[in-house]
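Asks: Sharing a structure with you now.
The values are calculated or read from the model by the stated rules, or taken from the named source; none is laboratory data. Keep in mind it's a predicted model, so treat the numbers as computed, not measured. Positions of Cβ are generated from backbone atoms using ideal geometry, with glycine treated the same way; all protein chains shown enter the neighbour counts.
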Amino acid sequence: MQSVPSRRHVIADDIRDKISAGRIKAGECLPSEAQLAFRYAVSTATLRSALSVLQSEGLVEKIHGKGNFVRYPRRRVMYVGGACTLRTESSPESALRVSVQTTNLQARGQLTGLMGVSASSPLTEFLCLSHEGKSPHSLARIYVPRDLSPTDVPAQSHCYKSVEAKLAELRPPLAKIRERVCARPPTPEEAATLRISSALAVLAITRVATDSTGRVVEAALLVLPGDRADALFTTHHMTEERTSGG
């Protein structure tokens, strides 16, 4: 016996078909939720449930106070493990604009273990939010000990490469980089910042870099929405030559 599709999936299929056919174009605002609910003769709750299906697929994004918009296709990026870089699939990295917010704070909670320091140790946080056009793309929080933080970085900056270069000047040579990758739902704050559905999984990468003394000189928490990110790790196997004596 064939099951009957629910009303929310029927509505989602209809809107999806209109987007695919170009009848609703990327960047266009959908009619209000009240208008759509009236058009499809359903409750507002059912209509919102249908829109959540499209939001989880990355076809529609809800902007608070403005409405539901058809999303432009997001450029996929490749996180390169070890190299600790993001590469775009078909365009130079500079195509993604990155804003940086700098905050001095004291280590607490998760940060004490992540940085290997005692509570209240002085740190600097660099909150990096990348944008593709006007839409947020990915999020990263980078932490460094205060003595390794440049003093001439403004609180707000739109030139991440300049901030990155200043950090590299003060940072001692790296001896080890440890990375942990997991897929998980976004936190409410991450979903709101990145304007993604709470049903869309994100690629969460925790990266900790230490110098030759074992001191943590940088820790980063990256959040890459699953509809626009891949991770690449390359393992180099060392071959050991063995000689036997006769």
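Asks: Output the strands (runs of 3 or more DSSP E) that fall wholly within segment 134-246 and possess 3 or more residues being touching an Asp or Glu at 6+ places or on another chain (Cβ under 7 Å) and surrounded by 15 or more Cβ atoms within 10 Å (Cβ to Cβ), or say none.
Replies: Hits in segment 134-246: 135-145, 202-210.
Asks: List pairs: first in segment 45-70 and on the phi > 0 side of the Ramachandran plot and surrounded by 17 or more Cβ atoms within 10 Å (Cβ to Cβ), second outside any helix (DSSP H, G or I) and acidic (Asp, Glu), Cβ under 9 Å, 6+ apart or cross-chain?
Replies: Sorted first by the residue in segment 45-70, then by its partner, the pairs are GLY58/ASP227.
Asks: What's the number of the condition SER120 fails, among (1) at pLDDT below 90; (2) out of contact with any helix residue (DSSP H, G or I) (no Cβ under 6 Å at 6 or more places or on another chain); (3) more than 22 Å from LYS25 (Cβ to Cβ)?
Replies: SER120 satisfies all of (1) at pLDDT below 90; (2) out of contact with any helix residue (DSSP H, G or I) (no Cβ under 6 Å at 6 or more places or on another chain); (3) more than 22 Å from LYS25 (Cβ to Cβ) except (1).
Asks: In contact with an Asp or Glu (Cβ under 9 Å, 6 or more places away or on another chain), part of a strand (DSSP E or B) and either in the same structural domain as LEU59 (by TED's automatic domain parsing) or under 25 Å from SER52 (Cβ atoms) (or both): does that describe LEU129?
Replies: Values: in contact with an Asp or Glu (Cβ under 9 Å, 6 or more places away or on another chain): no; part of a strand (DSSP E or B): yes; either in the same structural domain as LEU59 (by TED's automatic domain parsing) or under 25 Å from SER52 (Cβ atoms) (or both): yes.
When the stated conditions are applied, LEU129 does not pass them.
Conditions tested, residue by residue: (1) among the polar types (S, T, N, Q); (2) farther than 23 Å from THR124 by Cβ.
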position	(1), (2)
PRO172	no, no
LYS176	no, no
THR193	yes, no
ALA201	no, yes
VAL216	no, no
ALA229	no, yes
